[in-house]
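Colleague: I have a structure I would like to understand better, so I am pasting it below and will then ask my questions one at a time.
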Amino acid sequence: MFHDCVNLVDGPDELPATHLPESCYAYMFCGCKKLKEVPKMPTTTQGTVEKNCCHCMFFQCQSIVTGPSVLPATTLAIGCYMDMFNDCVNLTTAPALPATTLADYCYRTMFLGCTLLDNIPSKLPATTLAKSCYESMFYDCTSITTSPVLPATTLAESCYESMFQGCSN
């Protein structure tokens, strides 16, 4: 919708949908380098988050400092939040991520390259992981000083691969 609108500063205040169908917000603000605010996303825990729904949604939105306070869906689909905040170099605060049912690639590279990110969720509560679900999630987030609690006991291929690679602090 707003892909590569490099001078967009203010987007909509809210995205009120509670059912997010496949690819619905994919690339929505991708490349909006001057976008300052993330719209409110009131998707509830009863709401549905489908395949690739927020993939690359804020990719390279380099003026965003704070993401939404929470992405409340508890059941995720394949690739739904993959690359969502990738290369948001000024992002300092990540949303809470209470999902307990994950799908392949759902959080993969979500915050990759967010070099100022230092406030991350204290816990990623899923106990059964899916293929590549947390792969490179915080890759090169050089300001992170603590890791979240990771209670998973059932792992999948590449689920934690490079999750904190390059987190030099």
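Colleague: Evaluate the distance, in nm, between pseudo-label points positioned 7 Å from the Cα of residue 143 and of residue 101 along their respective Cα→Cβ axes.
Modeller: About 3.5 nm separates the two model spin labels.
Colleague: If you don't mind, there's one more thing I want to ask. For residue 127 and residue 36 in the same chain, what is the full-extension length gain: residue separation times 0.36 nm, less their Cα-Cα distance, in nm?
Modeller: 29.3 nm
Colleague: Also, I was wondering about something else. Note down the net charge around residue 159, summing +1 for each Lys or Arg and -1 for each Asp or Glu among other residues with Cβ under 15 Å from its Cβ. Numbers along the way, then the final one.
Modeller: Working: positive: 108, 131; negative: 104, 135, 157, 161.
Around residue 159, the charge tally is -2.
Colleague: How big is the charge dipole of segment 24-169 about its Cα centre, in debye rounded to the nearest 20, if each Lys and Arg gets +1 on its Cβ and each Asp and Glu gets -1 on its Cβ?
Modeller: 340 debye
Colleague: Could you give the distance between the Cα centres of segment 81-119 and segment 4-77, to the whole Å?
Modeller: Cα centres, segment 81-119 to segment 4-77: 12 Å.
Colleague: Then there's this: Cut-off 10 angstrom, C-alpha nodes, Gaussian network model of the chain. Which of 98, 121, 148 fluctuates the most?
Modeller: Maximum fluctuation in the GNM of the chain, among the listed residues, is at 148.
Colleague: I've got another one for you. How high is the relative contact order of segment 1-114, in percent, counting Cα pairs under 8 Å that sit 6 or more residues apart?
Modeller: Normalised by residue count, the contact order of segment 1-114 is 24 percent.
Colleague: If you take the C-alpha gyration tensor of the chain, multiply each eigenvalue by 5 and take the square root, what semi-axes do you get, largest first, in whole Å?
Modeller: Listed largest to smallest, the semi-axes of the chain are 23, 19, 13 Å.
Colleague: State, to one decimal in nm², a quarter of the convex hull surface area for the C-alpha atoms of segment 74-159, i.e. the direction-averaged projected area.
Modeller: Mean orientational projected area (segment 74-159, Cα hull): 4.5 nm².
Colleague: Ignoring ligands, DNA and RNA, what percent of the 1.4 Å accessible area of the chain is carbon and sulfur?
Modeller: Of the solvent-accessible surface of the chain, carbon and sulfur hold 50 percent.
Colleague: Sticking with this structure for a sec: Expected output is a single nm value to one decimal: the length gained when fully extending between residue 119 and residue 14, i.e. 0.36 nm times separation in residues minus the C-alpha distance. What is it?
Modeller: Extra length available between residue 119 and residue 14 comes to 35.5 nm.
Colleague: Given the options 94, 156, 103, which has the most mean-square fluctuation in a GNM of the chain, springs set between C-alpha atoms less than 10 angstrom apart?
Modeller: In this elastic network of the chain, the residue with the biggest mean-square fluctuation among 94, 156, 103 is 156.
The values are calculated or read from the model by the stated rules, or taken from the named source; none is laboratory data. Bear in mind the structure is a predicted one, so any value in this text is a computation, not a measurement. So basically every Cβ, Gly included, is an ideal-geometry build from the backbone, and we count neighbours across all protein chains shown. Side chains are part of the model used for accessible areas, which takes the heavy atoms of the whole protein and leaves out ligands, DNA and RNA. Shrake-Rupley method; radii C 1.70, N 1.55, O 1.52, S 1.80 Å.
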